[in-house]
1. So, R0 is 30 Å and r is the distance between the beta-carbons of Ala213 and Arg134; what FRET efficiency does that work out to, to 0.05?
2. Please compute the net charge surrounding Gly11, taking Lys and Arg as +1 and Asp and Glu as -1 over other residues with Cβ under 11 Å from its Cβ.
3. So what's the gap between the Cα centers of region 199-222 and region 19-73, to the nearest angstrom?
4. With a 1.4 Å probe and every protein chain left in place, tell me how much accessible area His14 has, in Å² to the nearest 10.
5. Taking a quarter of the surface of the Cα convex hull of region 220-264, what do you get in nm²?
6. Among DSSP beta bridges lying fully in region 124-274, give the percent that are antiparallel, nearest 5.
7. Sticking with the crude label model, points 7 Å out along Cα→Cβ, report the distance from Leu93 to Gln21 in nm, one decimal please.
8. Given that compact globular proteins tend to follow 2.2 N^0.38 Å, what is the ratio of the alpha-carbon Rg of region 84-171 to that value?
Amino acid sequence: MSTLITVAPTGAEHAKADVPQLPTTLDKLVETARSCEAAGAAMIHLHIRDAEHRPTLDVGLLTAAVDAVREATDLIVQLSTGGSVHDPLENRLKVLDAAPDSCSLTCGTTNFGDDVFMNPHGFMSELYVLAQEREVVPEFELFELGHVAALSRLINAHGLPYGGTVHVDFVTGVPGAMPGTPAALMAGVAMLPPEVTSWSATGIGRTHLPILATALAAGGHARVGMEDNIVYAKGQIVQDNSELVARAARLATELQRPPMTTTEARAFLGIKAR
């Protein structure tokens with residue numbers, strides 16, 4: 001079995017002033033997408049910044065980013081519907097107007113550092129059905145073990161997502177949410193409903209490597225990138241997202257699970273040709 005590597009290059013949390021190498025402009029995002037595809041990524045998870053490098057859900061900027069990354073690479077383009085923790089729910093639904101291949105769908109409200117990341121059931125249901133109608137493949141983001149049960153509730157209510165596959169990503173190590181430990185991750189995997197066809201995991205900050213290693217060893221897939229982790233090793237700050245992708249690809253290859261090509265990943269996730 002091969003490994004789906006997703007790169008999350010920017011996120012909404014790091015300030016550009018604190019992390020100058022963060023790709024926040026369209027040119028840098030395209031450059032990052034190219035280098036990460038070459039390093040072994042098959043999917044890119046995008047958060048967009050405005051001209052002042054602040055997180056935004058502006059549909060025009062989102063559409064421009066989707067189009068530019070599609071033109072420059074063959075990566076599956078996934079847009080975050082989480083935005084930042086301060087974005088209104090109605091703005092988060094409009095993300096699908098940018099016609100991505102995939103979107104994130106977080107399966108419940110969670111503590112997020114000093115903030116609360118709101119995902120009430122009604123919003124999740126609306127986003128789920130909207131993704132079905134727009135033929136966008138969701139990736140279900142699970143920050144807590146309770147989110148696994150919420151995923152089952154969505155599937156039971158609305159049937160399978162567009163594409164017929166159910167791919168989830170455990171986001172571990174967020175302060176206040178599920179810890180980034182092998183034991184916590186494997187507890188979540190053990191709870192997954194039978195409809196789930198694949199899972200990946202990411203560890204925030206120093207949990208990055210243990211979670212990557214656990215996911216690869218347990219038959220899961222990997223999400224890496226500067227959204228989740230900006231430290232490559234002790235005393236060594238990540239300068240480019242492709243460094244994290246290349247390391248994940250090396251580890252996956254050593255474990256006889258080389259990175260999926262973009263073509264393989266599209267078939268694996270049921271992505272629509274656009």
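1. Numbers: r = 36 Å, r/R0 = 1.19.
For Ala213 and Arg134, the calculated efficiency is 0.25.
2. Counting the neighbours of Gly11, the net charge comes to -2.
3. Spelled out, the Cα-based centre of one part sits 23 Å from the other.
4. Accessible area of His14: about 50 Å².
5. That works out to 3.8 nm².
6. Within region 124-274, antiparallel bridges account for around 15 percent of the total.
7. Reported label-point gap for Leu93 and Gln21 is 4.1 nm.
8. Relative to the 2.2 N^0.38 Å estimate, region 84-171 comes out at 1.02.
The values are calculated or read from the model by the stated rules, or taken from the named source; none is laboratory data. Being a predicted model, the structure only gives us computed values, none of them experimental. Note that we place each Cβ from the backbone using ideal geometry, even for glycine, and neighbour counts take in every protein chain shown. Ligands, DNA and RNA are stripped out before the accessible areas are found, and what is left, the full protein with its side chains, is counted by its heavy atoms. Shrake-Rupley method; radii C 1.70, N 1.55, O 1.52, S 1.80 Å.
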